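Visitor: Structure incoming, see below.
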Amino acid sequence: MEDCIFCKIINGEIPCVKVYETEKVLAFDDINPMAPVHVVIIPKEHIPTLMDVTQGKTDVLDAIFLAAQEVARIKGIDKRGFRTIVNCNKEGGQLIFHLHMHVLGGKKLRDVLN
Ligand code: 5GP
Ligand code: ZN
């Protein structure tokens with residue numbers, strides 16, 4: 001989709017530090033990391049938010065969660081532990097309206113999210 005930063009990363013218009021890729025998803029280091037490990041996983045299909053994932057099209061969620069496992073292994077945090085976050089819409093803190101999952105780790109994360 002035009003004017004979508006994450007679509008531009010997928011088509012190579014904007015560079016990224018790639019961590020993992022499949023037919024359905026791309027994972028790359030966040031440009032503004034909030035933890036020693038901070039990876040963003042995006043579907044290659046432009047889906048604006050979690051609310052746009054409909055019955056019968058949930059295979060994208062399987063792909064994202066399985067990619068999170070692989071990212072955790074690649075980054076060496078699978079056993080230590082990590083956190084996955086999907087921000088949705090304005091009050092959820094979503095800034096980029098292309099569905100994505102954050103994978104955070106590499107340190108003890110705070111217990112409370114705000
Ligand atoms: P959101 O707040 O929408 O859940 O998170 C968007 C994330 O994308 C932020 O953590 C932000 O740092 C990251 N981000 C924004 N633009 C870019 C970019 O051009 N490259 C990379 N690698 N990450 C980006
Ligand atoms: Zn997009």
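Visitor: Could you order peptides 98-109, 8-19 by the average number of other Cβ atoms within 10 Å of their residues, highest first?
Guide: Descending packing order for the listed peptides: 98-109, 8-19.
Visitor: Run the accessible area of region 28-114 with a 1.4 Å probe and give the carbon-and-sulfur part as a rounded percent. Don't skip to the end; give the middle numbers.
Guide: On the way: 2980 of 5460 Å².
Looking at region 28-114 in its full context, I get 55 percent from C and S.
Visitor: Under the rule that a partner needs its Cβ under 4.7 Å from the first Cβ, which Cys of the chain have none?
Guide: 16, 88
Visitor: Still on this structure: How much accessible area per residue does the chain have, in Å², with a 1.4 Å probe?
Guide: Result: 64 Å² per residue.
Visitor: Between 0 and 90 degrees, rounded to the nearest ten: what's the tilt of helix 59-75 against the longest Cα principal axis of the chain?
Guide: Once rounded, the angle reads 40 degrees.
Visitor: As an exercise, identify the GluC sites (Glu not before Pro) in region 30-114 lying in DSSP coil whose Cβ has no more than 16 other Cβ atoms within 10 Å. Write out the running numbers ahead of the final one.
Guide: On the way: sites: 45, 70, 91; in loops: 45.
Hits after loop and neighbour filter: 45.
Visitor: Now a separate question. For residue 108, list the lysines whose Cα falls under 23 Å from its own Cα; do not include residues on the same chain fewer than 8 positions away.
Guide: Output for residue 108: 75, 79.
Visitor: Calculate the FRET efficiency for residue 52 and residue 111 from the Cβ-Cβ distance with a Förster distance of 30 Å, rounded to the nearest 0.05.
Guide: The pair residue 52/residue 111 has a calculated efficiency of 0.50.
Visitor: At 0.36 nm per residue, and after removing the present C-alpha to C-alpha distance, how many nm does the segment from residue 8 to residue 96 gain when stretched out fully?
Guide: In short, 30.5 nm is gained.
Visitor: Ok, one more. Under the classification rounded if a/c is under 1.5, otherwise prolate if a/b is larger than b/c and oblate if not, where does region 5-111 fall, given a ≥ b ≥ c as square roots of the Cα gyration tensor eigenvalues?
Guide: In terms of gyration-tensor shape, rounded.
The values are calculated or read from the model by the stated rules, or taken from the named source; none is laboratory data. All values derive from a computational prediction rather than experimental measurement. No Cβ is skipped: glycine too gets one built from the backbone with ideal geometry, and neighbour counts run over all protein chains shown. Quick note on the areas: whole protein, heavy atoms, side chains included, nothing else; ligands and nucleic acids left out. Shrake-Rupley method; radii C 1.70, N 1.55, O 1.52, S 1.80 Å.
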